[in-house]
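I have placed the structure first, in the form of structure tokens, so that the comments after it can refer back to it.
The values are calculated or read from the model by the stated rules, or taken from the named source; none is laboratory data. Everything numeric here is computed off the predicted structure, so don't read it as measured data. Neighbour counts are summed over all protein chains in view; Cβ atoms, including those assigned to glycine, are modelled from backbone coordinates with ideal geometry. Side chains are part of the model used for accessible areas, which takes the heavy atoms of the whole protein and leaves out ligands, DNA and RNA. Shrake-Rupley method; radii C 1.70, N 1.55, O 1.52, S 1.80 Å.
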Amino acid sequence: MTKRYLFANWKMNLTEDESVDLAKKFSEASKSLKNTTVGVAPATLNVSATKKAVGSNLLVGTQNVYYEEKGAFTGEISIPMLKAAGIDFTITGHSERRNIFGESNELVAKRTQKALDEGLTTIFCIGEKLDARESGKTNDILAGQIDALTSLLQKKNYDNLIIAYEPVWAIGTGKVATTKEIEETHAFIAKHWKDQTGYDCPPILYGGSVKPDNYAEIIKVPLVSGALVGGAALKADQFTKLMEISEE
Ligand code: PGA
């Protein structure tokens with residue numbers, strides 16, 4: 001079986017104590033996993049305490065990272081800061097960063113490229129909005145998001161890269177893409193990546209209303225290497241169940 005991944009994106013939820021508590025539960029549950037790498041991305045304020053609480057048992061990451069090392073960039077965090085705190089990974093380009101906070105393909109690509117250059121595992125999120133899906137523009141949107149990154153990358157960057165395909169209309173809505181839509185879209189991403197770079201595509205996760213009752217179907221879809229999970233990752237019983245499904 002190919003390696004699988006399960007990442008929790010806690011977004012702007014949970015206090016420090018709550019983050020530590022939930023991460024400890026995840027860490028305990030993940031001990032028996034043989035084929036699934038599990039990670040959590042708490043709010044930035046809680047990342048350090050969470051990492052200290054779980055040690056090497058669970059990957060802990062941030063929900064974003066900036067490409068400059070230090071300076072006058074109010075509200076941002078840098079890669080040296082993450083490394084000093086022992087942080088294992090970062091997410092970049094989440095649709096909420098792109099759509100609520102206006103991050104462009106170019107800005108997301110620069111954040112991602114720098115994190116990869118510094119050897120940080122990076123979950124690079126891409127996804128289309130509903131109007132793009134309905135008007136048949138999904139592949140164009142995804143290609144634009146991917147091309148902004150591949151134009152900056154060198155081969156050495158690829159090892160630490162994970163792509164997360166998250167249709168914006170499926171995030172936090174309870175509306176899941178069909179397995180056919182997921183299969184077709186992951187196949188497009190993998191092919192486009194290879195066409196652009198000449199190399200095999202990194203693992204691709206699916207994200208968007210992943211829950212215990214739909215994950216068994218999703219994880220069986222070709223070219224799905226795991227999931228990036230929001231809502232269901234805030235509940236210990238649901239996320240633990242996703243871990244079990246991942247191992248089946
Ligand atoms: P959701 O969020 O599981 O609540 O849809 C997924 C995400 O935003 O990564």
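Can you list the chymotrypsin sites (Phe, Trp or Tyr not before Pro) in region 17-87 that are in a DSSP coil and have 13 or fewer other beta carbons within 10 angstrom? Show your work: numbers first, answer last.
Working: sites: Phe26, Tyr66, Tyr67, Phe73; in loops: Tyr66, Tyr67, Phe73.
Sparse-neighbourhood loop chymotrypsin sites (Phe, Trp or Tyr not before Pro): Phe73.
Could you tell me the distance between the Cα centroids of region 189-220 and region 20-90, to the nearest Å?
Each part's Cα centre sits 22 Å from the other's.
Can you tell which of Val224, Ile245, Val54 lies farthest toward the positive end of the dipole of region 4-247, using +1 and -1 charges on the Cβ of basic and acidic side chains (Lys, Arg; Asp, Glu)?
Val54
Take the Cα atoms of the chain, build their convex hull, and give its volume per residue in Å³.
Value for the chain: 117 Å³ per residue.
For region 37-44, just list the computed ³J(HN,Hα) in residue order, Karplus coefficients 6.51, -1.76 and 1.60, θ = phi - 60°, integers in Hz, with x standing in for Gly and Pro.
Residue by residue, region 37-44 yields 8, 10, x, 10, 10, x, 4, 3 Hz.
What number, rounded to the nearest 500 deg cm²/dmol, is the helix-based mean residue ellipticity at 222 nm of the chain, given -39500 (n - 2.57) per DSSP H run of at least four residues and division by all its residues?
-13000 deg cm²/dmol
Note down the nm distance, to one decimal, between modelled labels 7 Å out along Cα→Cβ at Asp131 and at Phe73.
3.1 nm
Can you send over the carbon and sulfur percentage of the accessible area for region 4-247, probe radius 1.4 Å, protein chains only?
The computed percentage sits at 50.
Give the Kirkwood hydrodynamic radius (Å, one decimal) of region 129-202, defined as one over the mean of 1/r across all pairs of different Cα atoms.
Mean inverse Cα-Cα distance, inverted, gives 13.3 Å.
Please name which of Thr122, Ala43, Ser104 has its Cα lying farthest along the dipole of region 42-131 towards the positive end, using unit charges on Cβ (Lys, Arg +1; Asp, Glu -1) and the Cα centre as origin.
Ala43
Can you tell me the relative contact order of the chain? Whole percent, Cα pairs under 8 Å, sequence separation 6 or more.
20 percent
Assuming 0.36 nm per residue, please report the length gained on full extension of the stretch Lys24 to Thr179 beyond their Cα-Cα distance.
Once the chain is fully extended between Lys24 and Thr179, it gains 52.6 nm.
Compare Gly207, Gly86, Gly127 in a GNM of the chain, Cα atoms joined below 10 Å, and give the one with the largest fluctuation.
Result for the chain, Cα springs under 10 Å: Gly86 fluctuates most.
Ignoring the sites themselves, what is the longest stretch of the chain with no trypsin sites (Lys or Arg not before Pro) in a DSSP loop and at most 12 other beta-carbon atoms within 10 Å?
Answer - 71-174.
In a GNM of the chain with a 10 Å cut-off on Cα contacts, which of Pro42, Pro203, Pro80 has the highest mean-square fluctuation?
Its mean-square fluctuation being the largest, the pick is Pro80.
Quick one: Karplus J couplings for region 100-109, per residue in order, coefficients 6.51, -1.76, 1.60, θ = phi - 60°, nearest Hz, x for Gly and Pro?
Per residue, the Karplus-derived 3J(HN,Hα) values read 8, 9, x, 6, 7, 3, 5, 5, 4, 5 Hz.
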